[in-house]
Amino acid sequence: MPDWLALYYDRPIELTHGEGRHVWDADGNRYLDFFGGILTTMTAHALPEVTKAVADQAGRIIHSSTLYLNRPMIELAERVAALSGIPDARVFFTTSGTEANDTALLLATTYRRSNQILAMRNSYHGRSFSTVSVTGNRGWSTTSLSPLQTYYVHGAVRTRGPFAALPDAEFTAAAVADLEDVLGQARGGVAALIAEPVQGVGGFTAPPDGLYGAFREVLDRHGILWISDEVQTGWGRTGDHFWGWQAHAQNGPPDILTFAKGIGNGMSIGGVVARSEVMNCLDASSISTFGGSPVTMAAGVANLAYLQEHDLQGNARRVGGLLLNRLRAVCAGVPAVREVRGRGLMAGLELTEPGTDRAHPAAAAAVLEAAREGGLLLGRGGGHDTSVLRIAPPLSLTVAEAEEGAEILEQALRSIP
Ligand code: PLP
């Protein structure tokens, strides 16, 4: 491996091409991509509709920045604003999820004139100075020199922590009480709560439905904004809803929504949607040089159209449901699998030392490696030593491919030491 590159894996795979739900490496090996890039390849690899839109646009104009308009940017902004569920919505495009959350935090702190933020334990929001400052797990942030005053709240993780044994309604009530307690300590204005509806890097773990809606009521009383980080949960990934926040909608939509990953099918698009009153806090000179690039926007428009026309959200619900049942069956006799959980095409297998709550990173590493040898790419995450195997294929996954992946995984689970 080239030692002049900073990379995630010790033995990274050099990818050459992809098609549908599969990718190939430089040695000619074929893999079923059960991680969809990093939830970036939302529809399919090398989707002809997206490839053509990119090529056509590249032949006209590649760059414009947010200084100027371009037709695909207008179209994508219109569609995303309408889909967001946020009234009087305005969109600002960035190039990554980190930058989207950074912008959301900038908006909220400016709007509320406060640098106090609420975030969830076990959260991940990106790699910039502000976003690591609201990331609950120190393992994923490299600094403790936060420019923000952040308070971490319980509730995002259903199966661990002090309320884990409680039934859903009591769990939510306990998390709301914790939120109130934290607010009592905050003194003065808190700008926003930032939360992932289903935590991604945290190991595909979700609170009971309605928890953030219950939080919303408290936030409203204090004039605190709700930022829903939909970087992993947007575009129908969770099956039942187009956005993750819609499982928590009883008191209305979030004030700010951030997105990235899947919308460009691998092209780098991020963005923020907010009520215009909040978005107007962005100074007129807030430019993103590469945000809203015509080529990435053209990919986004084509990708979103494909997703909607082929009801990939419905596919995520149907095939995701079948896959989850199959994974549960495959894992039933494996003592190291503490939990199999999932929503739509977002499934997590939490590995612990058998019979305990202790994370089992060696097991996660062994299964990841064996799956790769067997032709299956998985993701890894989870706040406790990244011992959760994460499954998030492109939303066009077929039933046969779900079965193919489950069979390889069944073999790979035998490699647990
Ligand atoms: N927010 C969430 C929920 C994420 O999962 C990620 C990345 O994994 C980010 C933000 C950061 O996005 P990016 O890596 O595009 O900067």
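The values are calculated or read from the model by the stated rules, or taken from the named source; none is laboratory data. Predicted, not measured: the structure shown is a model, and the values here were computed from it. So basically every Cβ, Gly included, is an ideal-geometry build from the backbone, and we count neighbours across all protein chains shown.
State yes or no: is Ala104 assigned by TED's automatic domain parsing to the domain that holds Ala214 and either away from the ligand (no atom under 14 Å from the Cβ) or over 28 Å from Arg358 (Cβ atoms) (or both)? Yes, satisfied.
Report whether or not Thr135 is within 13 Å of the ligand (Cβ to nearest atom) and among the β-branched types (Val, Ile, Thr). The answer is yes for Thr135.
Inside the range 252-288, residues that are touching a Leu at 6+ places or on another chain (Cβ under 9 Å) and outside any loop (DSSP other than H, G, I, E, B) make up a count of 11. Does the range 162-176 contain at least one residue that is buried (at least 21 other Cβ atoms within 10 Å of the Cβ), more than 12 Å from the ligand (Cβ to nearest atom) and within 30 Å of Glu75 (Cα to Cα)? Taking every residue of the range 162-176 in turn, none turns out to be buried (at least 21 other Cβ atoms within 10 Å of the Cβ), more than 12 Å from the ligand (Cβ to nearest atom) and within 30 Å of Glu75 (Cα to Cα). Out of (1) surrounded by fewer than 24 Cβ atoms within 10 Å (Cβ to Cβ); (2) under 20 Å from Ala365 (Cβ atoms), the odd one out for Arg317 is which? Result: Arg317 passes all but (2). One residue stands out in the range 108-128 among those that are more than 25 Å from Arg275 (Cα to Cα) and within 14 Å of the ligand (Cβ to nearest atom): the one that is surrounded by the most Cβ atoms within 10 Å (Cβ to Cβ), namely Asn122. Looking only at residues of the range 32-62 that are outside any helix (DSSP H, G or I) and among the aliphatic types (A, V, I, L, M), we find that the one that is nearest to Gly20 (Cα to Cα) is Ala44.
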